[in-house]
1. Hey, with R₀ at 25 Å, roughly what FRET efficiency would ASP173 and ASP99 work out to, going by the Cβ-Cβ distance, to 0.05?
2. Kirkwood Rh, Cα Rg: Rg to Rh for the stretch 1-106?
3. In straight Cα distance, which lysines are under 19 Å from LYS71, not counting same-chain residues fewer than 8 positions off?
4. Under a 5 Å amide H to amide H cut-off, with H placed in plane at 1.01 Å, what residues pair with SER40 once short-range neighbours are removed?
5. Taking the Cα centre as origin and putting +1 on Lys and Arg beta-carbons and -1 on Asp and Glu beta-carbons, what dipole magnitude results for the stretch 18-69, to the nearest 20 debye?
6. With Rg and the Kirkwood Rh both taken from Cα atoms, where does Rg over Rh land for the stretch 18-69?
7. Answer with one residue from SER154, PHE41, ASN2: the one whose Cα lies farthest towards the positive end of the charge dipole of the chain, charges on Cβ with Lys, Arg +1 and Asp, Glu -1.
8. Kirkwood Rh over Cα pairs of the chain into Stokes-Einstein at 4 °C, 1.567 mPa s: D in µm²/s?
Amino acid sequence: MNAGLIYIDIDDVISDTTSTFPSLLEKHFDKAVSFEAITSFDLGISFGLDKEELARFMTIAHSPEVITAYKPRAGAVESLNWFIGMGYEIAIVTGRPPDSKRLTQEWLIKHNISFHHLLFVDKYSRVIPGLQFTFAISLEALAQMNFCFAVEDSADMARFLSHNMQIPVALLDRPWNRDEDIMPAGLINRCHNWDDVMEAFRLREQNNTNRLKK
Ligand SMILES: [Mg+2]
């Protein structure tokens with residue numbers, strides 16, 4: 001039985017990614033910026049890096065040593081297993097550069113993260129000099145897919161999923177999405193951890209069931 005397809009982002013959703021960036025910035029650029037100060041999703045802005053420096057930072061952030069060392073976020077593995085046990089399909093949908101595919105697959109396997117699909121989507125139309133991104137899937141192609149629920153940390157993607165695709169979104173609260181006005185249509189729930197995400201999902205299911213009963 002396929003109960004529905006669920007969209008799950010990787011970085012800062014399954015993987016505790018950006019919390020590792022301040023130490024990378026300090027090590028490679030001799031700059032001190034705290035995690036809480038990462039208030040823009042654009043790391044060039046949050047870290048005060050120009051385009052070339054940002055390209056260098058992104059290369060470091062996607063290097064094998066760095067990607068391999070990311071830790072899963074608490075509750076992520078168990079939650080994906082619960083969804084699968086309930087008959088849902090999991091699509092992991094990332095905006096990482098597609099050339100990180102092998103490392104990403106290895107990381108997911110290493111941490112026993114269960115999923116059905118791994119999609120590399122051009123979420124941010126990133127143009128970074130020196131880095132070639134060839135994405136398998138455009139946002140337009142993503143919009144043709146039929147998800148029943150999504151978990152994201154990007155406010156722009158949360159808006160795209162809720163506004164353009166009418167999908168309920170659990171937005172994991174992070175410093176870079178706090179200033180955003182992102183509650184229109186009531187499809188976006190701000191969540192502080194995976195317990196909150198699962199609570200938002202169960203509430204949505206309950207509401208659907210009640211609606212069907214009426
Ligand atoms: Mg993310």
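What follows draws every value from the coordinates through simple rules; no lab data is involved. Keep in mind that this is a model prediction, so the values were computed, not measured. Heads up, the Cβs are rebuilt from the backbone with ideal geometry, glycines too, and the neighbour counts pull from every protein chain shown.
1. Using R0 = 25 Å, I get an efficiency of 0.25.
2. Rounded to two decimals, Rg/Rh equals 1.04.
3. LYS101, LYS110
4. Amide H to amide H, under 5 Å and 5 or more residues apart or across chains, SER40 pairs with SER46.
5. Magnitude of the dipole: close to 60 debye.
6. Rg/Rh: 0.92.
7. With unit charges placed on the Cβ atoms, the residue in question is ASN2.
8. 72
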